[in-house]
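J.: For reference, the structure I am asking about is given below.
The values are calculated or read from the model by the stated rules, or taken from the named source; none is laboratory data. On a predicted model such as this, the values are computed, not experimentally measured, just so you know. All Cβ positions, even for glycine, are placed from backbone atoms using ideal geometry, and neighbour counts span all protein chains on display. The accessibility values were calculated without ligands, DNA or RNA, using every heavy atom of the protein model including side chains. Shrake-Rupley method; radii C 1.70, N 1.55, O 1.52, S 1.80 Å.
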Amino acid sequence: MSKKKKQKQRSVPQKILFVLSRILIVILVTVVILVGTVYIMLQKCCNGPSEAARTMFVSTILESGQLKFLAKWVCSKEEIEEIVNANTMEAMDANVDASLITVGNDDATGEENEESPYGDEEFDENGIRIEEISGRSYLAKMLIIKDPSQVKVGSTYPWSAEGKELHEIVANAGSVAGVNGGIYVSTGNKGGQPLGVVVQEGQITYNSPQGLNGLYMIGFDNNNILIIKDLAGMSAADFENYVASAGIRDAVAFQEESSDANNHFVSLIINGEERALNGQGSGANPRTVIGQRADGAVLLLVTDGRGASGHLGATASDLISIMKDYGAVNAANLDGGSSSTMVYNGEYEMTSVTFYYQNSSWKLPTAFVVEPK
């Protein structure tokens with residue numbers, strides 16, 4: 001083999017390396033430009049003339065799982081604390097008064113009732129009504145279920161490392177609709193491990209209330225009343241006794257103020273009383289909420305956010321306003337963010353906001369599902 005031919009053979013990998021190096025340089029420059037642009041935009045947004053824009057950005061980004069660091073890019077620790085302290089919620093200590101709910105005092109068949117305080121409502125063959133709601137920074141959909149006995153907890157029990165997408169949980173439960181449920185371990189989108197407590201048809205399928213500050217149980221008793229219960233100080237044995245004595249049939253858990261002061265919140269309306277807020281109460285993000293009207297009808301709300309359709313999402317103030325407008329006597333916030341999802345009649349009405357889950361959902365261990373009539 002000639003010396004000239006050997007040189008040509010050596011030049012092939014050199015050419016490949018040359019091309020790869022140029023590609024890497026282009027990628028690096030692009031990333032630097034993008035990061036620089038985002039940084040400049042955040043600086044203008046947060047240090048510009050609009051104090052409201054800065055407050056909304058910081059309080060919103062602090063609720064995200066992975067992007068909290070962006071708040072530190074544009075604000076000092078003291079400024080962040082000031083913003084958080086300006087958007088908080090007053091404690092709600094009242095227990096749900098079941099006497100304020102009269103299940104079935106209106107026609108539970110879904111037929112129009114002229115005397116209904118909720119106006120002319122038409123329900124499908126399963127007693128479900130869906131409505132679209134548009135706000136200044138969110139798009140939302142509300143499921144109204146006339147008969148609360150149809151709303152139960154669907155899950156992937158027996159628990160495993162992998163959860164299931166919402167449409168799978170709904171289908172496996174033989175249900176026609178559903179929204180995401182309680183708090184869970186979301187790391188790596190495995191979604192198979194619930195946290196706190198889970199009750200299904202009167203049986204406790206997960207029981208670990210201790211060790212989680214601000215834990216609340218959200219679910220229904222045997223009289224189909226929505227119960228929002230503070231589990232502070234309860235052991236697993238205490239919870240077993242409570243479920244038995246209170247007749248809890250289906251429930252999940254969510255957490256109040258787990259890490260940041262406006263990161264997690266539960267109670268929104270208790271016994272018709274709205275939660276007192278400072279500012280907006282929270283940032284704007286995708287949300288999932290459950291509520292109940294005086295006639296027992298269940299309200300399941302899911303909002304978008306985090307850039308979906310150009311929307312930031314809903315604040316605690318937004319949620320309270322929506323649920324109040326729809327007649328909620330009691331209402332509670334559920335797990336939100338990328339978990340917020342709604343399925344109705346086999347289709348995703350609202351989906352996870354992460355771009356690669358636009359037509360599905362994150363993997364979940366629990367959901368509130370609606371059985372057919």
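J.: For the range 165-249, what % of the accessible area comes from carbon and sulfur atoms, probe 1.4 Å?
T.: 44
J.: For the range 278-332, with all protein chains present and a 1.4 Å probe, just round the carbon and sulfur fraction of the accessible area to a whole percent.
T.: Answer for the range 278-332 is 47 percent, counting heavy atoms of protein chains only.
J.: Still on this structure, I have one more. Roll a 1.4 Å probe over the protein chains and send me the accessible area per residue for the range 188-294 in Å².
T.: For the range 188-294, the per-residue accessible area is 34 Å².
J.: Compare the Cα positions of Ser309, Phe220, Asn345 along the charge dipole of the range 210-363 (+1 at Cβ of Lys, Arg; -1 at Cβ of Asp, Glu; about the Cα centre) and return the one farthest towards the positive end.
T.: Highest projection toward the positive end goes to Ser309.
J.: If each residue of separation counts as 0.36 nm, what is the full-extension length gain between Asn345 and Lys77 once their alpha-carbon separation is subtracted?
T.: Gain in length upon complete extension: 91.8 nm.
J.: Residues of the range 297-373: accessible area per residue at 1.4 Å, in Å²?
T.: Computed with neighbouring chains in place, this is 32 Å² per residue.
J.: Another question, if that's okay. Show the residues, 5+ positions off or on another chain, whose built amide H is closer than 5 Å to the amide H of Thr366.
T.: Under 5 Å from the amide H of Thr366: Gly181, Gly182.
J.: Quick one: of Lys164/Lys373; Lys141/Lys324; Lys146/Lys324, which pairs are farther than 19 Å apart, Cα to Cα?
T.: Lys164/Lys373
J.: What distance in nm separates the simple spin-label points at Ser99 and Asn278, each placed 7 Å from Cα in the Cβ direction?
T.: Spacing of the two 7 Å Cα→Cβ label points: 3.5 nm.
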